[in-house]
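Worksheet: the structure to be examined is printed underneath.
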Amino acid sequence: MLTRCLLVLLAATWGWAASAAGAPGVAAPRPASRSADKYRIWSAAAAALVARADANSLATAAALRYAGANLKPSALELAARASELAPLDASISWLHLQLCSGTPACNIRDAATVMRWVDADNGAAWLQSLAAAQKDRDPTEIDRILADMAHGVRFDFYWNRIVVLMVDALHAARGDLPSGFAASDSARLNIVSGIANGEIIPPLAALVEACRESGAAPERRELCLKLSKIMQRGDTVAAQLVGFSIERRLHAPDSKEARAIAERRHVLEWRVAAAAKFDAALLPWTKNARARARLAQMRAMPREEDVCMAILRENKMALDPPEVHP
């Protein structure tokens with residue numbers, strides 16, 4: 001989880017829009033032998049989960065096949081089956097939608113419609129539709145979708161719920177998984193967090209670009225301003241940071257509003273970094289206890305920031321950086 005928190009803050013520094021638009025990565029290519037080993041192990045783990053046949057196991061198997069074995073059509077089929085078994089589970093519907101968006105020939109419109117039916121209050125369910133309208137350069141459709149997004153009351157990616165779901169599925173199947181794979185609480189959390197980083201957080205470039213173009217259209221500016229405030233209460237730090245960035249661009253750089261946004265963003269980043277320090281176990285044999293503590297908070301609270309605040313309270317730490325409350 002320390003890696004997860006640092007990735008979030010690093011992505012905020014580089015700009016989520018750039019990464020979503022396809023900015024070049026910095027990771028070196030993996031050796032072919034390591035890729036083959038990962039393919040074999042993750043495929044075997046996915047097969048063990050498929051054999052259990054419940055919705056959570058199938059959703060987790062879909063994520064493993066998509067990320068580790070690079071079997072996108074098969075992963076999408078499993079995600080669809082999981083959604084059919086749990087038609088009211090918003091987190092599984094979200095995972096299905098994200099896997100569909102990355103799979104050629106998938107009917108993204110149908111998956112997005114299902115997502116909006118399952119959780120009509122989540123403005124993030126319109127992101128794929130917005131990206132299509134932005135690609136078509138259709139300003140009328142862009143404004144219509146932004147209005148629908150701004151009518152939402154939440155902007156959620158279901159991060160905590162999906163991570164807990166997958167960790168629990170791996171734990172339940174631990175006796176059937178390949179030897180050494182996801183064999184401890186810490187290992188399960190690390191594996192699942194890595195998968196979630198690539199599969200749960202959608203591209204946000206289209207939204208950022210649409211709101212960047214709002215300067216000449218007062219109506220769109222108001223929609224983006226309202227949406228940015230919803231995003232700032234989102235369940236992921238990623239959505240919050242983009243919400244701060246969008247709102248800040250809609251105000252003059254030296255305005256009191258811009259300064260207030262910068263301070264709120266600084267507090268959020270400080271909380272994430274401070275809480276992450278408690279995920280890094282000082283002693284090897286405490287790693288699993290740390291992972292279980294993090295997961296317990298994630299079960300209780302849907303928002304990442306709330307989990308960070310709970311961890312700080314548990315360790316008797318301040319919730320704000322020293323300069324905010326001297």
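General observations
- Test: residue in segment 304-319 that is under 22 Å from A187 (Cα atoms), of a type outside the set (A, V, I, L, M, F, W, C) and either part of a helix (DSSP H, G or I) or touching a residue at least 24 places away in the same chain (Cβ under 8 Å) (or both): yes
- Test: residue in segment 256-270 that is of a type outside the set (G, A, S), part of a loop (DSSP other than H, G, I, E, B) and either free of Cβ contacts under 8 Å to residues at least 24 places away in the same chain or not assigned by TED's automatic domain parsing to the domain that holds T140 (or both): no
- Residues (under 20 Å from the mean Cα position of the chain (by Cα) and either at pLDDT 95 or above or of a type outside the set (S, T, N, Q) (or both)) located in segment 118-141: V118, D119, A120, D121, N122, G123, A124, A125, W126, L127, L130, A131
A quick yes/no check of all residues on (1) touching a residue at least 40 places away in the same chain (Cβ under 8 Å); (2) under 26 Å from A55 (Cα atoms); (3) surrounded by 14 or more Cβ atoms within 10 Å (Cβ to Cβ); (4) outside the structural domain of T236 (by TED's automatic domain parsing):
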| site | (1), (2), (3), (4) |
| --- | --- |
| A173 | yes, yes, yes, yes |
| L177 | yes, yes, yes, yes |
| A183 | no, yes, no, yes |
| A187 | no, yes, yes, yes |
| N190 | yes, yes, yes, yes |
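- Candidates L49, L58, L76, L95, filtered to the one that is modelled with pLDDT under 95, assigned to a helix (DSSP H, G or I) and crowded, with 17+ Cβ neighbours inside 10 Å: L76
The values are calculated or read from the model by the stated rules, or taken from the named source; none is laboratory data. Remember, it's a predicted structure, so these values are computed and weren't measured experimentally. Cβ atoms come from the backbone with ideal geometry, glycine included; neighbour counts cover every protein chain shown.
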